[in-house]
Amino acid sequence: MRKTDIRVKRTYEVLTNALFSLLKEKNFDDISVLEICSAAEVHRATFYKHFVDKYDFLNACINMKLSSLVFDEIEKPYSPHTLKANCMIMIERVYNFIEINRDIFVCVCKDNCSLAFNNTLSEAISNFIAEQIRTMPDLKQRLGEEVFMISNFYAGAIVGLVKWWITQDEPCTVKYLLDYSEFHINEICN
């Protein structure tokens, strides 16, 4: 695996921080590459060396931020009960992660930014659920091709709920969201 140069990591970090800071002040569509670079004190040539345009950069920022949301160490299910528990662990991590990074995701969920957020988070959740189902031979056989449909259905529901939660002025607690989600996740396990 090739290591990333520390200068490149630092450049990505200052550019990302600049973008998220600017998003608190204005809509993404109104932010130019020049503004991002000025705020980050990075030359535009350096920006374009790494990114095609500001949309490519936005996708990279969201991917970098969401990449710290990891589900790899959650055990493989051996029963429907374990599957439910694993899904709830994953959902709790998503809600807590979003809550900790709320100010960033509030900005990201505005305007054209939300599509990249939706796609990245939805794919991570869908892949997790599908992989969990696939490790249970009986359930995988019973569901067949519907594994993809089910995993995308639940991913869409979770991402939709997260987006609703982020955009509320007085959001409910993570505990409330978890209780709500647990009630509805039972269907996948029954």
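The values are calculated or read from the model by the stated rules, or taken from the named source; none is laboratory data. These numbers were taken from a predicted model, which means no experiment stands behind them. Using ideal geometry, Cβ is built from the backbone for each residue, glycine included, and neighbour counts are taken over all protein chains shown. Please note that ligands, DNA and RNA were not included when accessible areas were found on the heavy atoms of the full protein model with its side chains. Shrake-Rupley method; radii C 1.70, N 1.55, O 1.52, S 1.80 Å.
Details
- The residues on offer are Glu73, Glu13, and the sole one that is at pLDDT below 90 and either assigned to a loop (DSSP other than H, G, I, E, B) or surrounded by 11 or more Cβ atoms within 10 Å (Cβ to Cβ) (or both) is Glu73.
- Within region 27-49, the residues that satisfy the criterion of being surrounded by 13 or more Cβ atoms within 10 Å (Cβ to Cβ) and either under 25 Å from Asn101 (Cα atoms) or touching a Leu at 6+ places or on another chain (Cβ under 6 Å) (or both) are Asn27, Phe28, Ile31, Val33, Glu35, Ile36, Cys37, Ser38, Ala39, Ala40, Val42, Phe47.
- Checking each residue in region 90-104 for being out of contact with any Asp or Glu (no Cβ under 9 Å at 6 or more places or on another chain), modelled with pLDDT of 85 or more and not basic (Lys, Arg) picks out Met90, Glu92, Val94, Tyr95, Asn96, Phe97, Ile98, Glu99, Ile100, Asn101.
- Residue tally, condition in a helix (DSSP H, G or I), in contact with a helix residue (DSSP H, G or I) (Cβ under 8 Å, 6 or more places away or on another chain) and either more than 20 Å from Asn119 (Cβ to Cβ) or among the hydrophobic types (A, V, I, L, M, F, W, C) (or both), over region 139-179: 17
- Members of region 129-159 that are within 15 Å of Tyr95 (Cα to Cα) and either under 11 Å from the mean Cα position of the chain (by Cα) or not small (Gly, Ala, Ser) (or both): Tyr154, Ala155, Ile158, Val159
- Applying a threshold of 6 Å to beta carbon distances and a minimum spacing of six or more residues, or different chains, the list of pairs starting in region 71-84 at a residue that is more than 15 Å from Arg134 (Cα to Cα) and ending at one that is open to solvent by less than 100 Å² (accessible area, probe 1.4 Å) and at pLDDT 80 or above reads Phe71/Met90; Phe71/Phe128.
- Residue pairs whose Cβ atoms lie under 9 Å apart, sitting 6 or more positions apart in sequence or on different chains, and linking a residue in region 123-134 that is within 16 Å of Glu75 (Cβ to Cβ) and open to solvent by less than 10 Å² (accessible area, probe 1.4 Å) to a partner that is assigned to a helix (DSSP H, G or I) and of a type in the set (D, E, K, R), are Ile133/Lys140.
- Matching entry among Ile150, Ile100 (being among the β-branched types (Val, Ile, Thr) and either open to solvent by 60 Å² or more (accessible area, probe 1.4 Å) or touching a strand residue (DSSP E or B) at 6+ places or on another chain (Cβ under 9 Å) (or both)): Ile100
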